[in-house]
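First up is the structure itself, then whatever we jot down about it.
The values are calculated or read from the model by the stated rules, or taken from the named source; none is laboratory data. Just so it is clear, the model here is predicted, and its values are computed rather than measured. Quick reminder, even Gly has a Cβ in these numbers, built from the backbone with ideal geometry, and neighbours come from all protein chains shown. When the accessible area is computed, the model is the full protein with side chains, heavy atoms only, and any ligands, DNA or RNA have been set aside. Shrake-Rupley method; radii C 1.70, N 1.55, O 1.52, S 1.80 Å.
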Amino acid sequence: MSAGGELTLDADSGSRLLPLQPAATPLDTSFLTRQPFNYHFRGQDYWASFEPAYTGFPEFTRPGSRDFVNRMVDWAATAPGLEYSEYRLVEGYGQPILLISERQRGRYVNTLGILVDTVAADVFGGRVFHSSDPDYAQELLFHALPVPPAPYSAESFVDKVNQGYSRSYLLVDPARERPVGEDKRLPRKSLIDPGDLGRISASFLEDGSVMFLSDDHIVLQGSYVLDLDKGMLTVTDPDGASFRVFVDTDNGIRFTLPVSVVELEGGQLVGQDNYLRIEVVE
């Protein structure tokens, strides 16, 4: 960043300068975090939530980074864009800069930058630059999604889940053809095997934890934070790893959990990423 208000973009072909201009309307951080958004990126529609906290391991992240929860609207398991998992809002240079990043453990491998020049009551966004492609440029807009009144309080939601029984199934056809090449994998996910399908239930325990349990083992268990406004259940296991479970209360109660369906082949776990849908039936 230069004193004259320009952003230096480092790329394989060298550096270039992008002019920054004062935003007509400031971007309120609370606007980012109080509701989910949808956006269109590289031919796909996404649902996203800018979270107010970071749940990864802080020694590996940039200062100021927070969780960017991201999924495709149609629940397809993999696509370019799902690799982004954290964001950072850079302010103080006249124009807000939103950085959305992908990491592989302790290494940043991809960052998408957005020069925010559009801020309205239900949308924000701006010009896009990409750190690995100096010619990549377009506009990316995030549209705020309305937050309808939740049909349950947190207490009645827990009661409904515990009083019902659950049925589960995969949302993405595991037999469909996958594109050749490196898959863009889902965010942190649970492991299940084919024998678990249809047998996974959800329950909230008196010790303040939640459990997703198959017939013979625990799929996921830990302390939780329930955000019915955004439709998310954040589960933190005993090792400190946090998992995002999506919650739908429009017609009954449904959980959607990122999973990898694995089998043991040649001494190795081999699997495919998917989404597990768990429906609570009264």
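Taking 7 Å steps out from each Cα toward its Cβ at Thr33 and Tyr93 produces label points 2.2 nm apart. Near Tyr87, once Lys and Arg are set to +1 and Asp and Glu to -1 for all other residues with Cβ below 14 Å from its Cβ, the sum equals -2. Residue order by solvent-accessible surface for Leu276, Leu226 is Leu226, Leu276, largest first, with ligands and nucleic acids left out and a 1.4 Å probe.
Restriction of the GluC sites (Glu not before Pro) in segment 75-168 to DSSP coil positions whose beta-carbon has at most 16 other beta-carbons within 10 angstrom yields Glu91. Of all DSSP bridge pairs formed entirely within the chain, close to 95 percent run antiparallel.
Kirkwood radius, segment 201-282, all distinct C-alpha pairs, inverse of mean reciprocal distance: 13.9 Å.
Simple rule: put +1 on each Lys or Arg Cβ and -1 on each Asp or Glu Cβ in the chain, find the dipole, and look at Pro26, Ser85, His40; the Cα lying farthest toward the positive end is Pro26. Helix-only estimate, please: 222 nm mean residue ellipticity of the chain, summing -39500 (n - 2.57) across DSSP H runs of length 4 or more and dividing by its residues, to the nearest 500. For the chain, the value works out to -1500 deg cm²/dmol.
Share of pairwise Cα-Cα distances greater than 24 Å in segment 29-144 is 21 percent (whole percent).
Between 0 and 90 degrees, the angle of helix 154-163 with respect to the longest Cα principal axis of the chain falls at about 40 degrees. Exposed loop positions in the chain were taken to be trypsin sites (Lys or Arg not before Pro) whose DSSP state is not H, G, I, E or B and which have at most 12 other beta-carbon atoms within 10 angstrom. Between these positions, the longest stretch is 177-282. Between (i) 20.0, 77; (ii) 20.3, 63; (iii) 21.5, 65, which entry matches Rg and Dmax of the Cα atoms in Å as derived from the coordinates of this structure? Given (i) 20.0, 77; (ii) 20.3, 63; (iii) 21.5, 65, the structure-derived one carries the label (ii).
To put it simply, the accessible area of the chain at a 1.4 Å probe is 49 percent carbon and sulfur.
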